[in-house]
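Report on one structure; see the data block that follows.
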Amino acid sequence: DTAAREHREGATRPQMSRVNVHATGLVLGKAGLILRGIPGAGKSLLALELLDEWEARELPGKLVSDDRVELEATPQGLVMHAPKTIEGLIELRGRGIVERPFVRKARLHLVVDLIDSVERMVEEDQLVTTIEGVTLARCPVPRAGKVDSRHQMLLIREALRALSPPGQTSKKTA
């Protein structure tokens, strides 16, 4: 019977579970990234600045979600999903909730951690992290108030460049 067959097939098919994390997800060009940090670290503002910069450079940039991102481990890597209730919405302190173009899901390539310290030289082992058993590139960035946003943007752009294989960078890459 069809119901029994579907039940058996469903039981043998691996179920991909999602974990909800406190982060802001973006896609800049072809790279998916999350911004992690304590509340008030400047994740939303930095996300808005990144989206504005990509738009100014006529490069594709979209929000996945702000404040909460669902991560799903797949055979191809981690995939970010926008929780339905907040898709396309992002907080701009002093204004409230604003809308931005968004994608419902995207592959995750880079983790940007907003940290309290300013490191002069970062050790190689600080440039990777593991989430849900998947190793990803990591970019430690001093949080809002520790350095100005221009410095933050430079660190993130450099991390995005490092994701591209040598000779694969575009002249328009931010």
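Nothing in this text is a laboratory measurement; each read-out follows from the coordinates by a stated rule. Just so you know, these numbers come straight off a predicted model, no measurement behind them. All Cβ positions, glycine included, derive from the backbone under ideal geometry; neighbour counts span all protein chains shown.
So here's what we get for this one:
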{"quantity": "Over the chain, relative contact order from alpha-carbon pairs under 8 Å, at least 6 apart, %", "calculated": "20"}
{"quantity": "Check: the chain dipole with +1 on Lys, Arg Cβ and -1 on Asp, Glu Cβ, in debye", "calculated": "320"}
{"quantity": "Per-peptide average of other Cβ atoms within 10 Å, ordering 44-54, 133-143 highest first", "calculated": "44-54, 133-143"}
{"quantity": "Full-stretch length increase - E99, K84 - with 0.36 nm per residue and alpha-carbon distance subtracted", "calculated": "4.0 nm"}
{"quantity": "Sorted peptide list for 88-94, 100-106, criterion being average Cβ within 10 angstrom, highest first", "calculated": "100-106, 88-94"}
{"quantity": "Residue-count net charge about L48 - beta-carbon cut-off 12 Å; Lys, Arg +1, Asp, Glu -1", "calculated": "-3"}
{"quantity": "Considering only the range 113-158, percent of DSSP beta bridges that pair antiparallel, nearest 5", "calculated": "50"}
{"quantity": "Tally of Lys pairs whose C-alpha atoms are under 26 Å apart, taken over the chain, 8 or more apart or cross-chain", "calculated": "17"}
{"quantity": "Test item: Cα-centred dipole of the range 35-132, Lys/Arg +1 and Asp/Glu -1 on Cβ, debye", "calculated": "420"}
{"quantity": "For the range 85-143: rounded, prolate or oblate by the Cα gyration tensor [a/c cutoff 1.5]", "calculated": "oblate"}
{"quantity": "Rounded to 5, the percent of DSSP beta bridges in the chain classed as antiparallel", "calculated": "70"}
{"quantity": "Extended-chain gain in nm, criterion 0.36 nm per residue less alpha-carbon gap, E72 and E123", "calculated": "15.5 nm"}
{"quantity": "Estimated distance in nm for a label pair at E55 and E158, the labels positioned 7 Å out from Cα along Cα-to-Cβ", "calculated": "2.8"}
{"quantity": "Protection-proxy order for peptides 115-125, 32-42, each taking the mean of Cβ atoms within 10 Å per residue, highest first", "calculated": "32-42, 115-125"}
